[in-house]
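**Student:** Once you've had a glance at the structure underneath, I'll fire off some questions.
The values are calculated or read from the model by the stated rules, or taken from the named source; none is laboratory data. As the structure is a computational prediction, the values presented were derived from the model and not from experiment. With ideal geometry, Cβ positions are generated from the backbone for all residues, glycine too; neighbour counts draw on all protein chains shown. Side chains included, ligands, DNA and RNA excluded: accessible areas come from the protein's heavy atoms. Shrake-Rupley method; radii C 1.70, N 1.55, O 1.52, S 1.80 Å.
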Amino acid sequence: MRRLIASIATAGVALAACGDATPITTPTSPPTRATERVQIFYARADEVPVATALEIPAGMNVDQRIRARLVGLSTAPWLGPQGSFNVLRDAARIAGVSVTGAVAALDFAAPEGDWGLPGRTALRAFTQQVVFSATDEKSVSEVRLTQDGGNDAVIVTSDAIISYRTTLTREMVAPYARQDHTVAYYARDQGGPVAMFLPGAGAGTTAEERISSRLVALENGPAHAGADAFNVVAPMKAHLQQVTIADDLVTIDFRVPADDWGVNGSASLRALVQQLVFTASEEPGIVRVLITQNGGRQAVIGGEGLVIDRAQTRLGLLGG
């Protein structure tokens, strides 16, 4: 019996040696892929965003590293360190990244204009997270937001409509650098007015003072900004005289020498009304804007005689 067992064992070894049996191999671990550590940023209420580490594959170019950060945020937890939060988890997804010089163009997929941002607080957090995360790349200092293949980003929330035509920087989106609502609005040939950061806009301790400061900033602002944004308020003859508020209505009264606003042409008249209404209603709680002249008289603007006989709203001007 012992000889038989020994013969069978010997035969088995011989078969294995001849390749007629499957050898037993020891499992080996797959090679570890090299990674590198970058930073992504979570938003915080009324504070600068907070950085957290993200491991991404090594060997990527700048475009790919920025995209990897934003994709990482889209799947990262909602809550982060130090009371921070991540609105990109529920927001529009990044579709493309293109870096030219110091500017990163970030294109987001926003089907039917839905960015997944319910209000201005979420919008502010979104821009902070995106801009800080993209500019974690040392070569990038500015970010341009677009949507659906390179179109101008237009983000509509429950309490804001913001068009992004100019690039954004950390200083522009961080709350310690600029308070919220420190913008006035320029008109465009096509599309709604675009928010512009202007010196002095939003300054003041009362709502009336802050609205006045935004309108005066328009009067003192440049006539053009970017490719097609323009400011018909700057060259006009009329100047702001008084601001009064009643509930959600603000009345802005202008001093108009000889009843001549210095604005003519249907396109300019339409641009003027849009600029004034959007800029005045930038103040939280203000929905309706009534334009008057020379001490509360009904405003009649331009050679065409545009009569302002009722309060205007943002949605009304945009056909909503």
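**Student:** If P284 passes every condition in (1) open to solvent by 30 Å² or more (accessible area, probe 1.4 Å); (2) out of contact with any His (no Cβ under 8 Å at 6 or more places or on another chain) but one, which one does it miss?
**Tutor:** In the conditions (1) open to solvent by 30 Å² or more (accessible area, probe 1.4 Å); (2) out of contact with any His (no Cβ under 8 Å at 6 or more places or on another chain), P284 misses (2) alone.
**Student:** For the stretch 74-94, give me each residue that is free of Cβ contacts under 8 Å to residues at least 24 places away in the same chain and in a strand (DSSP E or B). Don't jump to the end; show me each part of the working.
**Tutor:** Kept after step one, since they are free of Cβ contacts under 8 Å to residues at least 24 places away in the same chain, are these residues of the stretch 74-94: 74-75, 77-79, 89, 93.
Of everything in the stretch 74-94, those that are free of Cβ contacts under 8 Å to residues at least 24 places away in the same chain and in a strand (DSSP E or B) turn out to be L79, R93.
**Student:** Let me ask another. Tell me the residue from D189, D247, D259, D253 that is touching a residue at least 40 places away in the same chain (Cβ under 8 Å) and farther than 18 Å from G302 by Cα, please. Show your work before the answer.
**Tutor:** Working: D247 fails: touching a residue at least 40 places away in the same chain (Cβ under 8 Å); D259 fails: farther than 18 Å from G302 by Cα; D253 fails: farther than 18 Å from G302 by Cα.
Result of the check over D189, D247, D259, D253: D189.
**Student:** Among the numbered criteria (1) part of a strand (DSSP E or B); (2) open to solvent by less than 60 Å² (accessible area, probe 1.4 Å); (3) over 18 Å from G221 (Cα atoms); (4) not hydroxyl-bearing (S, T, Y), which single criterion is violated by A267?
**Tutor:** That leaves (1) as the condition not met.
**Student:** Something else now. K237 is checked against (1) surrounded by fewer than 19 Cβ atoms within 10 Å (Cβ to Cβ); (2) of a type in the set (K, R); (3) under 22 Å from I155 (Cβ atoms) and fails just one. What number does that condition carry?
**Tutor:** Of (1) surrounded by fewer than 19 Cβ atoms within 10 Å (Cβ to Cβ); (2) of a type in the set (K, R); (3) under 22 Å from I155 (Cβ atoms), only one is false for K237: (3).
**Student:** May I pose another question? Look at I291 and say whether it is free of Cβ contacts under 8 Å to residues at least 60 places away in the same chain and crowded, with 19+ Cβ neighbours inside 10 Å. Reasoning before the result, please.
**Tutor:** Details: free of Cβ contacts under 8 Å to residues at least 60 places away in the same chain: yes; crowded, with 19+ Cβ neighbours inside 10 Å: yes.
Against the criterion (free of Cβ contacts under 8 Å to residues at least 60 places away in the same chain and crowded, with 19+ Cβ neighbours inside 10 Å), I291 qualifies.
**Student:** Right, something else. Of the numbered conditions (1) modelled with pLDDT of 80 or more; (2) open to solvent by 40 Å² or more (accessible area, probe 1.4 Å), G202 fails exactly one; give the number of that condition.
**Tutor:** (2)
**Student:** Could you check T75 against (1) more than 23 Å from M172 (Cβ to Cβ); (2) surrounded by 11 or more Cβ atoms within 10 Å (Cβ to Cβ); (3) at pLDDT 90 or above and say which number it fails?
**Tutor:** The single condition T75 does not satisfy is (2).
**Student:** Right, here's the next one. Answer yes if at least one residue in the stretch 224-233 is open to solvent by 10 Å² or more (accessible area, probe 1.4 Å), out of contact with any strand residue (DSSP E or B) (no Cβ under 8 Å at 6 or more places or on another chain) and either assigned to a strand (DSSP E or B) or in contact (Cβ under 8 Å) with a residue 24 or more places away in the chain (or both), and no otherwise.
**Tutor:** Looking only at the stretch 224-233, we keep the residues that are open to solvent by 10 Å² or more (accessible area, probe 1.4 Å), and these are 224-228, 230, 232.
Next, only the ones that are out of contact with any strand residue (DSSP E or B) (no Cβ under 8 Å at 6 or more places or on another chain) stay: 227.
Filter again for either assigned to a strand (DSSP E or B) or in contact (Cβ under 8 Å) with a residue 24 or more places away in the chain (or both), leaving 227.
Yes, the conditions are met somewhere in the stretch 224-233.
**Student:** Tell me the residue from A51, A76 that is more than 21 Å from F108 (Cβ to Cβ), in contact with a helix residue (DSSP H, G or I) (Cβ under 9 Å, 6 or more places away or on another chain) and not polar (S, T, N, Q), please.
**Tutor:** Numbers: A76 fails: more than 21 Å from F108 (Cβ to Cβ).
Residue meeting the stated conditions: A51.
**Student:** Does the stretch 110-122 contain at least one residue that is surrounded by 19 or more Cβ atoms within 10 Å (Cβ to Cβ) and not in a loop (DSSP other than H, G, I, E, B)? Lay out the reasoning, then the answer.
**Tutor:** The first filter runs over the stretch 110-122 and keeps only residues surrounded by 19 or more Cβ atoms within 10 Å (Cβ to Cβ), leaving 110, 115, 117, 122.
Adding the requirement that they be not in a loop (DSSP other than H, G, I, E, B) leaves 122.
Yes, the stretch 110-122 contains at least one residue that is surrounded by 19 or more Cβ atoms within 10 Å (Cβ to Cβ) and not in a loop (DSSP other than H, G, I, E, B).
**Student:** Which is surrounded by 16 or more Cβ atoms within 10 Å (Cβ to Cβ) and within 26 Å of G319 (Cα to Cα), of Q190, Q274?
**Tutor:** Testing whether each residue is surrounded by 16 or more Cβ atoms within 10 Å (Cβ to Cβ) and within 26 Å of G319 (Cα to Cα) leaves just Q274.
**Student:** Something else now. Taking the condition part of a helix (DSSP H, G or I), open to solvent by less than 50 Å² (accessible area, probe 1.4 Å) and of a type in the set (A, V, I, L, M), does L215 pass?
**Tutor:** On the way: part of a helix (DSSP H, G or I): yes; open to solvent by less than 50 Å² (accessible area, probe 1.4 Å): yes; of a type in the set (A, V, I, L, M): yes.
Answer is yes for this residue.
**Student:** Step by step: first the residues of the stretch 153-171, then only those that are of a type outside the set (S, T, Y) and open to solvent by 40 Å² or more (accessible area, probe 1.4 Å), then the one that is modelled with the lowest pLDDT. Which residue is that?
**Tutor:** Residues of the stretch 153-171 of a type outside the set (S, T, Y): 153-156, 159-162, 165, 168, 170-171.
With open to solvent by 40 Å² or more (accessible area, probe 1.4 Å) added as a condition, the list becomes 154, 156, 159, 165, 170-171.
Details: V154: 89, V156: 85, D159: 74, R165: 81, R170: 84, E171: 77.
Filtering the stretch 153-171 for residues that are of a type outside the set (S, T, Y) and open to solvent by 40 Å² or more (accessible area, probe 1.4 Å), the one modelled with the lowest pLDDT comes out as D159.
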